[in-house]
1. Rounded to the nearest 5, what % of the DSSP beta bridges within the protein assembly as shown are antiparallel ones?
2. How far is it, in nm, from the label point at B:Arg105 to the one at A:Met58 when both lie 7 Å from their Cα along the line to the Cβ?
3. Taking 0.36 nm per residue of sequence separation and subtracting the Cα-Cα distance, how much length would be gained by fully extending the chain between A:Val92 and A:Asp128, in nm to one decimal?
4. Please give the direction-averaged projected area of the C-alpha convex hull for region A:79-135, in square nanometres with one decimal.
5. Take the alpha-carbon positions of region B:2-136, form their convex hull, and give its projected area averaged over all directions (one quarter of the hull surface) in nm².
6. Run through all the Cα pairs of region B:44-118 and give the fraction in each 10 Å bin from 0, expressed as whole percent.
7. Quick one: angle between helix B:96-114 and the longest Cα principal axis of chain B, in degrees between 0 and 90, rounded to 10, please.
8. Other chains near A:94-103: what is the mean number of their Cβ atoms within 10 Å of each residue's Cβ?
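Readers should treat all values here as calculations from the given coordinates under stated rules, not as data from a laboratory. Since this is a predicted model, take the numbers as computed values, not measurements. Here the Cβ is made from the backbone with ideal geometry for all residues, glycine too, and neighbour counts use every protein chain on show.
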Amino acid sequence: MLITRREEFSASHACLNPALGPEENRALYGEDSNPNGHGHNYVVEVSIEGDPDPVSGMVFDLKRLKALIRREVIEPFDHRFLNREVAPFDRVVPTTENIAREIWRRLEPELAAANARLHRVRLYETEDLYVDCFA
Amino acid sequence: MTRLTRRYRFSASHRLHARELSEAENLALYGKCNNPHGHGHNYVLEVRVAGPVDEHGRVADRAALDRLVEGCVLGDFRHRNLNLDLPEFTSLVPTSENVALVIGRRLAANWRQAFPAPWPALDKIRVYETKRNVVEQ
């Protein structure tokens, strides 16, 4: 069974590879490469896989999951310019894929320590574009 | 493996009518969707691709995906009568299932031209005829 918690954060980013010139970045990332950045209302869905605990009836305590996502992701990411204010995006291009992977990295160790199996991080950049990360 | 899903929209009309069946049988089978003059939907198409994240932090070049979908699907489907304007549906009833099959075939046939490398792969498509009806393959 999967249990999913949805949270939102608003942030700006610029998809720029510092090793490439402006023309190459423009060809690669299009409008996303504007160096001054632009913003999205990101929606992150975190899914945990498991069987309901026979006593509590829960796969995982959603209050705990919510607190973890807020602490590790929402508080550091919300209302920030990711490239300038949130590591590792000073050196890793904050594409939707890389942001989803970073969210996975921030959540997975604590969930694993609590015997919870992180199944998927789904990150919506807009309602028309989302990425599913499984590792 | 990471997946990227992109959502597109097109509006089109269609009529569900099987040539093999009588008028009465078609009406019984398809109900209102058998209306001889057709009717329309705001279709939503989701295209999911899968692959490793490349050195630029991407599973797929969105612009290349958008060009492919525009070129071989949306450009032909948008504001058209599917039965009359698309060759596939002269012999195929444009149910959501068949719309998804045709879109899948068109994308697969043009995939390597848009994405010559082994990745990304076309992973899944979903067609929403309305918010309540969705098919996927």
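1. Here the antiparallel bridges make up roughly 95 percent for the protein assembly as shown.
2. 5.1 nm
3. Difference between extended and current length: 10.6 nm.
4. Answer in nm², one decimal: 4.4.
5. 8.5 nm²
6. Here the calculated profile for region B:44-118 is 16, 48, 25, 9, 1.
7. With both axes taken from Cα atoms, the answer is about 30 degrees.
8. Average neighbour count from other chains, rounded to a whole number: 4.
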